[in-house]
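Quick notes on the structure that follows.
Quick note: the coordinates plus some simple rules give every number you see, no bench work behind them. In this text the structure is predicted, and so the values were computed from the model without any measurement. Note: ideal-geometry Cβ built from the backbone for every residue, glycine included; neighbour counts use all protein chains shown.
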Amino acid sequence: MVNHPRHALDEVIHAPVRFSIMATLAAAEKAEFGFVRDTVEVSDSVLSKQVATLEKAGYLKVTKGYVGKRPRTWLSITAEGREAFTAHCDALRTITESATRPLTA
């Protein structure tokens with residue numbers, strides 16, 4: 001039996017830091033690495049590792065370039081990532097909404 005909404009949770013997105021990264025990027029077309037790092041409150045190395053996992057899953061795109069002579073890295077959510085994030089959030093909402101309904105046996 002596979003009826004519980006937890007089965008719709010995405011294991012890649014579900015980790016707290018990755019979930020926070022996806023939530024940050026879902027609100028923007030793209031964001032600079034440092035902005036995401038500061039928003040999610042993690043170190044460069046932690047963000048790099050989690051971004052690599054999300055990128056491997058096809059959920060994020062990493063773009064490198066320069067602003068003047070300074071190297072920059074931008075992160076953006078892919079269409080597949082946006083769809084997965086929306087489905088994950090829908091599953092979380094379904095789970096939390098069931099907590100407010102009376103139990104029936």
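Before moving on, here are some points about what is shown:
- Of all residues in the range 1-32 being of a type outside the set (S, T, N, Q) and over 14 Å from the mean Cα position of the chain (by Cα), the one that is surrounded by the fewest Cβ atoms within 10 Å (Cβ to Cβ): MET1
- The range 57-93: number of residues that are closer than 21 Å to ASP38 by Cβ and basic (Lys, Arg): 4
- Scope the range 72-82; condition farther than 14 Å from ARG18 by Cα and under 11 Å from the mean Cα position of the chain (by Cα); matching residues: THR78
- Total residues in the range 39-71 satisfying the condition of being among the acidic types (Asp, Glu) and either more than 18 Å from ALA23 (Cβ to Cβ) or touching a His at 6+ places or on another chain (Cβ under 8 Å) (or both): the figure is 1.
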